[in-house]
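Notes for the one structure printed next.
The values are calculated or read from the model by the stated rules, or taken from the named source; none is laboratory data. On a predicted model such as this, the values are computed, not experimentally measured, just so you know. Note: ideal-geometry Cβ built from the backbone for every residue, glycine included; neighbour counts use all protein chains shown. We work out accessible area using only protein heavy atoms, side chains counted, and drop any ligands, DNA or RNA first. Shrake-Rupley method; radii C 1.70, N 1.55, O 1.52, S 1.80 Å.
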Amino acid sequence: PRLIISDYHLDNDKNGVDLLQHTLLERQWQIPCIICSADPSEQVREHTSSAKFYFMSKPLKALALKKLMRQLLEK
């Protein structure tokens, strides 16, 4: 893939940041990732930022998502 979009809160107390970090390392991928969440906590934003992923809050605005995707895919 050229880009991954994931929710932050997943089933079974898992989160998208940890899952993507594991997957990227395991597959040796270096691709941009966007984490989406309706959780407004600073902890979620910091966790996402420390992983060098992009964060978008829900509900997602289609134009903002499209703009970010275009920027990331043009790099």
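See the values below:
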{"item": "Amide proton proximity set for N15, modelled H, under 5 Å, gap of 5+", "result": "L10"}
{"item": "Accessible area (Å², per residue) of the chain, counting only protein heavy atoms and a probe of 1.4 Å", "result": "74 Å²"}
{"item": "In Hz, Karplus ³J(HN,Hα) per residue of segment 46-56 (6.51, -1.76, 1.60; θ = phi - 60°; x = Gly, Pro)", "result": "5, 4, 5, 5, 5, 7, 6, 9, 8, 10, 9"}
{"item": "Where the Cα pairs of segment 1-46 fall when distances are cut into 10 Å bins, in %", "result": "26, 54, 20, 0"}
{"item": "Size of charge dipole - the chain - debye, nearest 20, with Cβ of Lys, Arg +1 and Asp, Glu -1, no other charges", "result": "560 debye"}
{"item": "Percentage relative contact order, the chain, counting C-alpha pairs under 8 Å, at least six apart", "result": "32 percent"}
{"item": "Among 11-18, 25-32, the order from most to least packed when residues are scored by Cβ within 10 Å on average", "result": "11-18, 25-32"}
{"item": "Whole-percent carbon and sulfur share, accessible surface of the chain, 1.4 Å", "result": "51 percent"}
{"item": "Most positive-pole-ward Cα, L73, L10, T48, against dipole of the chain from beta carbon charges", "result": "L73"}
{"item": "Label-point separation, M56 to D13 (7 Å along Cα→Cβ), nm", "result": "3.0 nm"}
{"item": "Cross-link pairs beyond the 21 Å C-alpha cut-off, checked among K14/K67; K14/K66; K14/K58", "result": "K14/K67; K14/K66"}
{"item": "Value at 222 nm in deg cm²/dmol, rounded to 500, when DSSP H runs of n ≥ 4 in the chain each add -39,500 (n - 2.57)", "result": "-14000 deg cm²/dmol"}
